[in-house]
Amino acid sequence: MDVSSNLSYIPKFSTPTKKRPLVYPNSPITPLHQQALLGKASRSAKKSPTKASSNFVRGSPKLDVVSSDWSLSTSVSSPRAKHHCSNHSDRFIPSRQNSANAFVSNQKHELSAEYNESVAEACGLDLNTRILAFKPDAPESKKPVDLRAQYNRPQKPVVSQTKRKFATTPERVLDAPGIVDDYYLNLLDWSSLNAVAIALERNVYVWNADSGDVGGIAETDESTYVAGVKWSQDGTFLSVGLGNGLVEIYDVESQKKLRTMAGHQSRVGVLAWDRHILSSGSRSGAIHHHDVRIAQHKVGELLGHESEVCGLAWRSDGLQLASGGNDNLVQIWDARSSIPKFTKTNHTAAVKAVAWCPWQSNLLATGGGTMDKKIHFWNAATGSRVNTVDAGSQVTSLTWSPQLKEIISTHGFPDNNLSVWSYGTTGITKQVDIPAHDSRVLYSALSPDGRILSTAASDENLKFWRVNDSETKKRTGIFSKAGPANMTIR
Amino acid sequence: MAAVPIRSNLSLRGSSRLISEFFEYAVNSILFQRGIYPPEDFKVVRKYGISMLVTVDEEVKTYIRKIISQLHRWTCGGKIQKVALVITNKDSGEDLERWQFNVEILQKDSPTSIENPAQDETRIQKEVQALIRQITATVTFLPQLEGRCTFNVLVYADRDSEVPTDWVDSDPRLIKNAEQVQLRSFSTNMHKIDCQVAYRFDP
């Protein structure tokens, strides 16, 4: 009974005891609670790791125990804190962590916040600043860059045509047997109707560059020889200067001599046409103007040179005549005057090469002989010398290119070459040297289209050079049906 | 000259946009001028009344865009103090050159109205133009960068700023034994940007 009553009592008592833990204000902390609290602590430790961790280590023994636990020691995070707990040492090898160093590091640890602040202040850094870097690597450069190459570019060449290729071999070679080797004569000319006249001793031949036909047009007396040939501007008449001082005019169509004009005392080596006026230069130094339309043909006499006239050229507008002589003079004459407008004494040898610039009417180029080797450029309006180049050898002829800003000179010893010069605003630069003949290049003439230069030399060759053509490939045109590439003139 | 729409008032947002746009062009300019990428990767555009070079390489473009858009976010929040572009030798890992732009916030909250906004626009444009010109001119005295180089962008941001995952903490990567040249500055009514370049000086 007692037992039963006791037994009945038990539930009565047990119920309040069950409720008790909920009511008790200071209930012991369950492991679950403990962990949650520690979690909070470790989180706050994260925020200010240095101070918080040291507080834990000293403050509560319970937390100290937990901090040595693996899972939570990581939250304390400082490696030094770990060292503090570990206790591996050797008798012989002193453990640094446990010796004085550890003490120092601990101390540092404590002070680190203040220390950091002071260091940051000393360095001028702001602790409230983070330095962030954009992590992904910058894309690779596709190729290495050399700024030197970019900024130290070679200066642009003065003439853009520098790179153009030059045909260094003749396009065509004709035999010219018996051509007279005399610097003072002018035995080659190319007409505007595409016919090449060449004088070989006593004969003048005309080679038609269109058809390739060759015909003799003139033959002199046995007592004399041909000293100069020159086509009229329209290409229908050929003037021939003879060794005996006569000047003859031939009609190319009928191949007949039209008239003979006397007047010079000695050979006529150079001729120049200005429409109906034919000017002839003689060995005596005299230049005669012949009006070829009238019976009294001699309409002017220029007595400026003291020695043989070997260079003579009318300006394209017919207002000025330039002459060069064996007396080393260059003279520029006004068309209606018989005294020279300018007399230039700069050359130190005979002046055979005389050429007016086709695109700048005031510009005259003259070239000197063996002793001189210079090419002078003159302003024919003011008489001033605008430029000079040393060609390095005897200048036998000068030819301006009508299309390109270039001038071609032909030379004698030692290279017997053609030289192409660019004539720009900044000066004259040599473009190319083309070895042309076996002996000095005596005569030259430009084709009517301005692309091909013909040259003749005492090696008895008449050569054709495509020097003024910016396209080097051979094109049909000037020699469309001109017969075999190798033929003899007579 | 590229027409800039005239705003009556340059707000913080507007100023930030101007700043981040400037950074984009400045970064492009530096990459071109210092030969980090080959010159054929760049094209000329008209900006700030001058010809500017910007990359046309898609990869580089998106890389810069990513950086700039984040910069813009930070600038809008006023969280940014400095932006630095560090040029590094790819092989040796050595930092060779450091372009630093200091961002000074003149007034964070109260956008005051300007008496003459159009005049202010032209003044800003002129100042930016002068700074870009100066960056271009630095090639005359900066030493030749040897070898293949790459670049990094650093940002000095406030500690409490939000940081996307592709931005990581870094050291300032100052150039050792450096010569420093202070370049021009420009300012909107909100921000003041000044620029300096530090480079290796090995006599």
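Structure above, values below:
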item: Estimated FRET transfer efficiency when R0 is 60 angstrom, pair A:Ala262-A:Lys405 (beta carbons, to 0.05); result: 0.90
item: Cross-link pairs beyond the 27 Å C-alpha cut-off, checked among B:Lys47/B:Lys90; A:Lys256/A:Lys352; B:Lys47/B:Lys82; A:Lys142/B:Lys82; B:Lys90/B:Lys126; A:Lys165/A:Lys405; result: B:Lys47/B:Lys90; A:Lys256/A:Lys352; A:Lys142/B:Lys82; B:Lys90/B:Lys126
item: R0 of 22 Å, Cβ-Cβ distance A:Asn128-B:Val163: FRET efficiency to nearest 0.05; result: 0.95
item: Label point distance in nm, A:Met371-A:Glu306, each placed 7 Å from Cα along Cα→Cβ; result: 1.2
item: Rotationally averaged projected area of chain B (alpha carbon convex hull; nm²); result: 11.8
item: Percent RCO, i.e. relative contact order, over chain B, from Cα pairs under 8 Å lying at least 6 residues apart; result: 29
item: Sequence of B:Met52, A:Met371 once ranked by neighbouring C-beta atoms within 10 Å, starting from the fewest; result: A:Met371, B:Met52
item: Sparse-neighbourhood loop sites, trypsin sites (Lys or Arg not before Pro) in segment A:215-316 - DSSP loop, at most 16 other Cβ within 10 angstrom; result: A:Arg275, A:Arg293
item: A:Thr488-A:Asp182 FRET efficiency (beta carbon distance; Förster radius 22 Å; 0.05 resolution); result: 0.55
item: Mean-position separation - Cα centroids, segment A:191-208 and segment A:212-244, in angstrom; result: 7
item: Principal semi-axes in Å for segment A:254-388 [√(5λ), Cα gyration tensor, largest first]; result: 25, 16, 13
item: Under-5 Å amide H pairs with A:Thr396, H placed in peptide plane, nonlocal only; result: A:Thr410, A:His411, A:Gly412
item: Per-residue average of Cβ from other chains inside 10 Å of B:149-157; result: 5
item: Inter-site label distance for A:Thr168 and A:Ser211 at 7 Å from Cα along Cβ, in nm; result: 3.8
item: Loop-located trypsin sites (Lys or Arg not before Pro) in segment A:323-374, at most 12 other Cβ atoms within 10 Å (DSSP); result: A:Arg336
item: Relative contact order (%) - segment A:172-488, alpha-carbon pairs under 8 angstrom, separation at least six; result: 14
item: Coil-residue chymotrypsin sites (Phe, Trp or Tyr not before Pro) of segment B:129-203, DSSP, other Cβ within 10 Å capped at 16; result: B:Phe141, B:Phe201
item: Per-residue average of Cβ from other chains inside 10 Å of B:31-38; result: 4
item: Label-to-label distance, nm, for residues given as A:Asp291 and B:Val139 (7 Å Cα→Cβ offset); result: 7.0
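Coordinate-derived values only; no laboratory data. Keep in mind that what you see is a predicted model, and the values were worked out from it rather than measured. Cβ coordinates were reconstructed from backbone atoms using ideal geometry, including for glycine residues, and neighbour counts include every protein chain displayed.
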